[in-house]
Amino acid sequence: MNIRGRNKISTEFNTSSMTDLVFLLLIFFMILSTLVKQNNVIDMNLPKSTSTKVSSSKVVVSIDKNLVYRVDNTVVSKEQIAPMLQQKLGAPDGKSRVEIALDETVPHSYFVELVDIVSVQNGYKISIQTKK
C-alpha cells in the first residue's frame, strides 16, 4: 500500500527575486550617495598633511582664495567671527573645537589673525583642515 500524501511540499528556494531586490537596493544607494550634501562645498585647495587624526569639530571657519571669511558656509566679516562662534558653541569648555580651513594661496597673516580671534581671544581649541 502506498500511503504517501498527494501534496508534496517543495523545499527549493527561488532566489531570482532576491537578486532583483539586491540590485535595486544597490542602484538606490548609489544614486542616493551622489545626492548627499558634502560638509565642505567651498572650492578650496587645502595644504597636504601626513597625519591621519580626524577632528570631530562642530564649527568650521574658512577663508577661500578670494579672502572671503565663512563660518559653516555662512559668509561673514572678520569682526563677526567671534560672535558667531559664541552663538554656535557657547562658552569654551575644552571639548568644543573650531576647525580652520584655508586655501593654500591665502597669506600666512590671515591664518595668524584667525588663530588669534578663535584661540587667543575666545579660548577655543583649534584644528587645521588639510587634505591627505
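Test Val71 against the stated conditions and say whether it is over 29 Å from Thr50 (Cα atoms), touching a helix residue (DSSP H, G or I) at 6+ places or on another chain (Cβ under 7 Å) and β-branched (Val, Ile, Thr).
Numbers: over 29 Å from Thr50 (Cα atoms): no; touching a helix residue (DSSP H, G or I) at 6+ places or on another chain (Cβ under 7 Å): yes; β-branched (Val, Ile, Thr): yes.
No: the conditions fail for Val71.
May I ask you to list the residues in the stretch 94-129 that are surrounded by fewer than 14 Cβ atoms within 10 Å (Cβ to Cβ), of a type in the set (Ser, Thr, Tyr) and in a loop (DSSP other than H, G, I, E, B)?
Selection gives Thr105 alone.
Residue pairs, Cβ under 6 Å, 6 or more apart or interchain, first in the stretch 74-94 and among the hydrophobic types (A, V, I, L, M, F, W, C), second assigned to a helix (DSSP H, G or I). List them.
Listed pairs, sorted by first residue: Val76/Met84; Ile81/Ile117; Ala82/Ile117.
Please determine, by comparing only the residues of the stretch 1-43 that are polar (S, T, N, Q), part of a helix (DSSP H, G or I) and closer than 30 Å to Gln129 by Cβ, which one is modelled with the highest pLDDT. Quick ask: steps written out before the conclusion?
Of the stretch 1-43, the ones polar (S, T, N, Q) are 2, 7, 10-11, 14-17, 19, 33-34, 38-40.
Then drop every residue that is not part of a helix (DSSP H, G or I), which leaves 16-17, 19, 33-34.
From what is left, the residues that are closer than 30 Å to Gln129 by Cβ are 33-34.
On the way: Ser33: 82, Thr34: 79.
Ranking the qualifying residues of the stretch 1-43, first place goes to Ser33.
Of the conditions (1) of a type in the set (A, V, I, L, M); (2) under 20 Å from the mean Cα position of the chain (by Cα); (3) at pLDDT below 85, Val98 clears all except one; give me its number.
Single failed check for Val98: (3).
The values are calculated or read from the model by the stated rules, or taken from the named source; none is laboratory data. Here the structure is a predicted model, which means the values were calculated and not measured. Please note: Cβ atoms are built from the backbone with ideal geometry, for glycine as well, and neighbour counts cover all protein chains shown.
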